[in-house]
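What follows is one structure encoded as structure tokens, with my remarks underneath.
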Amino acid sequence: MSFDLRPATSGQDAFATSHYRPISSHLAIAPPVSVVIPAMNEAENLPYVFKTLPDWIHEVVLVDGNSTDNTVEVARELWPDVKVVEQRGKGKGDALITGFNACTGDIIVMVDADGSADGNEIVSYVSALVSGADFAKGSRFANGGGTDDMTFIRKLGNWALCTTVNRKFGARYTDLCYGYNAFWRHCLDKIDLDCTGFEVETLMNIRVVKAGLKVQEIPSHEYLRIHGTSNLRAVRDGIRVLKVILRESSNRRALRSRRHPSPMLDSVRGEVS
């Protein structure tokens, strides 16, 4: 969706145009965009993260996971208007949910604090949303995407889990466990997030499909973490992801059973009545 950014010719047109936020010479949007960054001891990486964030962003929400370094101070120095929210629970899922609740924008973008995501890609996510998508899902394995930070074992695990989700829920994802996503805030009412760990991305990907939301994959390049060590543990978190998939699949079967009782059950009900 594009808008003409030439000077308005009337007072009414000028009023309408002033409500749009220029993104490029060909695109402007009216919806405010919030960027949520969950961070714990990421002071050294934040300069790289904030450097790539577009200046047209409505707000940056930093969720601090009880950092023991100067993460909060660095964030405020880099982005004076940053909204800092203290995480009371633990885990990435809990941090993101906390950040989502603090957002005031109509569009929410999830960005990791380790420097692996390029903020310049946000325009692609937002463009997909204003063009009709409900959920813009980053993919390292879509045409044009890539990753510098996955071992063969992690790639194999991601492929296996992604294939399982596609078969069980009728999705067509090329990537599953990736945290660079964007969506309209009203989507939160339909996916009802309720997990605390790294499995949060998988849960979101499953529930947007179950809710019938329109998903568009965005090719994205994942770079290496710049400083520090990731809290991700491939085996432990892979098991948590698998548990989410099985739980959501079980819930789906139970819901289908309630909506479409078996003929035998209908017969029994008829005899009872």
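List of remarks:
- Averaging 1/r over every pair of different alpha carbons in the range 27-146 and inverting the result gives a Kirkwood radius of 14.7 Å.
- Sparse-neighbour loop sites [trypsin sites (Lys or Arg not before Pro); the range 140-189; at most 16 other C-beta within 10 Å; DSSP]: R172
- Residues whose placed amide H lies under 5 Å from that of I29, excluding near-sequence neighbours: R21, I23
- Straight-line cross-link partners of K190 among the aspartates and glutamates, defined as a Cα under 14 Å from its Cα and at least 8 positions apart when in the same chain: D134.
- Vicinal HN-Hα couplings computed from phi for the range 171-177 (Karplus, 6.51 cos²θ - 1.76 cosθ + 1.60; Hz; Gly/Pro x): 8, 9, 6, 9, 8, 10, 8
- Sequence-distant residues sharing a close amide H with E217 (under 5 Å, placed H): K137
- Surface composition of the range 167-209: carbon and sulfur atoms hold 44% of the protein heavy-atom accessible area at a 1.4 Å probe.
- Accessible surface for the range 98-204, divided over its residues, is 38 Å² per residue with a 1.4 Å probe.
The values are calculated or read from the model by the stated rules, or taken from the named source; none is laboratory data. Nothing here was measured: the structure is a model prediction, and the numbers come from that model. A quick note on method: Cβ atoms are made from the backbone with ideal geometry, for glycine too, and the neighbour counts reach across all protein chains shown. Ligands, DNA and RNA are excluded from the accessible area calculation, which covers all protein heavy atoms including side chains. Shrake-Rupley method; radii C 1.70, N 1.55, O 1.52, S 1.80 Å.
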